[in-house]
Protein chains: 2
Amino acid sequence: MSGKLTIVGIGPGAPELTTPAVSAALADATDLIGYETYINRVPEVAGQRRHATDNRVEVERARHALTLAAEGHRVAVVSGGDPGVFAMAAAVFEAIESGESHWRNLDIRVEPGVTAMLAAAAHAGAPLGGDFCTISLSDNLKSWATIERRLHAAATADFAIALYNAASRARPHQLAQAFGLLAQWKAPETVVLFVRAAGTADAKLHITTLAEAASYAADMRTMVIIGASTTRLIARENAPPFVYTPRSEDYSR
Amino acid sequence: MSGKLTIVGIGPGAPELTTPAVSAALADATDLIGYETYINRVPEVAGQRRHATDNRVEVERARHALTLAAEGHRVAVVSGGDPGVFAMAAAVFEAIESGESHWRNLDIRVEPGVTAMLAAAAHAGAPLGGDFCTISLSDNLKSWATIERRLHAAATADFAIALYNAASRARPHQLAQAFGLLAQWKAPETVVLFVRAAGTADAKLHITTLAEAASYAADMRTMVIIGASTTRLIARENAPPFVYTPRSEDYSR
């Protein structure tokens, strides 16, 4: 049996941000499985089967991929960004752990990619240049109390904070709630970035402060980065400022 | 004046993990500047000048790059991994902020890459599948007290923790100190990973627990990942276990 399963991350959107290793795995696959937005970004290969699904059935999708791999197919599970950061890799491993025992002995690999926060940070400058944390604001799979506890810890640590799943149609108010909590612990002038469609030709940056952040709208494609106390702007003529977090803590605003 | 400066991340080591966007920026540059280990990984281009330096002079190197760009050259500052994560981007912005005022109006871009923790995580499975934080253990640019405070917050939040600069010849004992601190707040059976040379053909994974971790040696090329309480192993026949952190917090070991 020559079946295999590769969980790939195609990066944030622009084709030139997909690694050659991922492109090779995609070209070699007999079957692609993933959310249709990501599948549609993959160049077509004659004879390759494409199993596009909606965004809500990760573990089912993972089981389907494992079943096909166990039948001898070369399956690529397609994530945006990096598959290990709020994407399909964990879902596949959940499916393996709770699934058929022979699945764990399949040839299974994860191919890393450029995750959204890195593209968003690069677009703005280097806001993740010091220590930072990465939190999904979705409470579909964890409690809001856990998210609050993590935001508090992040503020205590003075981490820069990259927020994934900052807002969706089903959760329009939690981002403002998160800003409200952070405002109890962080200075009102803390830098906040909204980067929409980072790593694509449509990327758009909005720079604001924690005091003003709640009045700005985010959607599913928006990465939100909340600065550390040292995160700062470098003003420019005729261009938005650079935003960066110095490596040293000996900076004051 | 057509000078420009692009700060690129060539990824963790394997050429097939360098994005096409970064390869294009490198091929287009008249001048490469960076730590020689990274410069040596870049394919040679006829006529291109290579300014290789040692690992200790980031801001000087950044000033040199800015000076060349201001003279009209197309300069690529070369980082390993992603330039925005404990690499050259923050150093360049520090140099811009404290340097010549015309530097801020140069054409300056950051090209993201696959940072080491993503390659290390992919090699092991998906240990960063939940919320996580990213800490440099080096106290060259911040105090050890700050590092302790951040480790404590990370434990309080039950983040998985990716440690950069976990050990070097000048700082051989701090990693064991960090494990000792974390052991006060996290369970002894917490999963700890050492991934050496992640994202290269020589990648090597060692899986252990927090109780045992201090007896294992790390070096400059080792990424250390300390699991969340939910991080778990999936045993396999004839292969190391998969290591992953489920997306949901409703897992117990």
Inset, instruction - Would you mind checking which residues have amide H under 5 Å from B:Thr190's amide H? H placed 1.01 Å from N; only 5 or more apart, or other chain. - result: B:Leu210, B:Ala211
Legend entry - Highest average packing first - A:114-123, A:13-22, B:66-75, Cβ atoms within 10 Å: A:114-123, A:13-22, B:66-75
Legend entry - Position B:Ala235, label points 7 Å along Cα→Cβ, spacing to each other copy in nm (shortest first, one decimal): 6.5
Inset, instruction - Take the alpha carbon atoms of the range A:165-222, find their radius of gyration, then divide it by 2.2 N^0.38 Å using N residues; give the quotient. - result: 1.14
Legend entry - 222 nm mean residue ellipticity, helices alone, for chain A (DSSP H n ≥ 4; -39,500 (n - 2.57); rounded to 500): -8500 deg cm²/dmol
Legend entry - Where labels lie 7 Å past Cα in the beta-carbon direction, separation of A:Glu71 and B:Asp219 in nm: 4.7 nm
Inset, instruction - Read phi for every residue in the range A:91-98 and hand back ³J(HN,Hα) as whole Hz from Karplus 6.51 cos²θ - 1.76 cosθ + 1.60, θ = phi - 60°, with x for Gly and Pro. - result: 4, 5, 5, 4, 5, 5, 4, 9
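What percent antiparallel are the DSSP beta bridges of chain B, to the nearest 5?
Working: 20 of 47 bridges.
Within chain B, antiparallel bridges account for around 45 percent of the total.
Less than 12 Å Cβ to Cβ from B:Ala198, Lys/Arg counted +1 and Asp/Glu -1: what total charge do the surrounding residues give? Present the calculation step by step, with values, prior to reporting the outcome.
Numbers: positive: B:Arg196, B:Lys204, B:Arg221; negative: B:Asp202.
Charge balance in the 12 Å sphere: +2.
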Legend entry - Label 7 Å beyond Cα on the Cβ vector: B:Glu71 copy-to-copy distances, nm: 6.3
Legend entry - Per residue Cα convex hull volume in Å³ - calculated over the range A:117-244: 99 Å³
Legend entry - Burial order of peptide ranges A:231-243, A:39-51 (average beta-carbon count within 10 Å, highest first): A:231-243, A:39-51
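Of the listed pairs A:Lys142/B:Lys142; A:Lys4/B:Lys186; A:Lys142/A:Lys186; A:Lys142/A:Lys204; A:Lys4/A:Lys142, which have alpha-carbon separations greater than 26 Å here?
Values: A:Lys142/B:Lys142 33 Å; A:Lys4/B:Lys186 36 Å; A:Lys142/A:Lys186 24 Å; A:Lys142/A:Lys204 30 Å; A:Lys4/A:Lys142 31 Å.
With Cα atoms farther than 26 Å apart: A:Lys142/B:Lys142; A:Lys4/B:Lys186; A:Lys142/A:Lys204; A:Lys4/A:Lys142.
If you count, for every residue in A:134-142, the Cβ atoms of partner chains within 10 Å of its Cβ, what is the mean?
Numbers: counts 10, 6, 3, 1, 1, 0, 2, 6, 7.
Per-residue shielding by partner chains comes out at 4.
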Legend entry - Inter-probe distance in nm under a simple model that places probes 7 Å from Cα toward Cβ, at A:Arg236 and B:Arg56: 3.3 nm
Legend entry - the range A:108-154: trypsin sites (Lys or Arg not before Pro) in DSSP loop, at most 14 other beta carbons within 10 Å: none
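Only Lys, Arg, Asp and Glu count, each charged at its Cβ (+1, +1, -1, -1), so figure out the dipole size of chain A about its Cα centre, rounded to 20 debye. It would help to have the intermediate numbers written out before the result.
Working: 23 positive and 26 negative charges, 53 e Å.
Taking the Cα centre of chain A as origin, the dipole is about 260 debye.
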Inset, instruction - Treat every Asp and Glu Cβ in the range B:99-188 as -1 and every Lys and Arg Cβ as +1, leave all other atoms uncharged, and give the resulting dipole magnitude about the Cα centre to the nearest 20 debye. - result: 240 debye
Inset, instruction - State, to one decimal in nm and shortest first, how far the label point of B:Asp107 sits from each corresponding label point in the other identical copies (label point: 7 angstrom along Cα-to-Cβ). - result: 4.4
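Averaged across the residues of A:217-227, what count of C-beta atoms belonging to other chains lies within 10 Å of each residue's C-beta?
Details: counts 0, 0, 0, 0, 0, 0, 0, 0, 0, 0, 0.
Counting Cβ atoms of other protein chains within 10 Å of each residue's Cβ and averaging gives 0.
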Inset, instruction - Work through the residues other than B:Arg247 whose Cβ is under 11 Å from its Cβ and net out their charges, Lys, Arg +1 and Asp, Glu -1. - result: -4
Inset, instruction - Determine, from the Cβ-Cβ distance of A:Ala145 and B:Arg109 and an R0 of 45 Å, the FRET efficiency 1/(1 + (r/R0)^6), rounded to the nearest 0.05. - result: 0.65
Legend entry - Anisotropy class of the protein assembly as shown from Cα gyration tensor, a/c 1.5 cut: rounded
Legend entry - Total charge dipole magnitude, the protein assembly as shown, about the Cα centre, Cβ charges on Lys, Arg, Asp, Glu only, Debye to nearest 20: 220 debye
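Read-outs: derived from the displayed coordinates by stated rules, not from any lab. Not measured: the values here are computed from a predicted model. In this analysis, Cβ positions are derived from the backbone assuming ideal geometry, glycine residues included, and neighbour counts consider all displayed protein chains.
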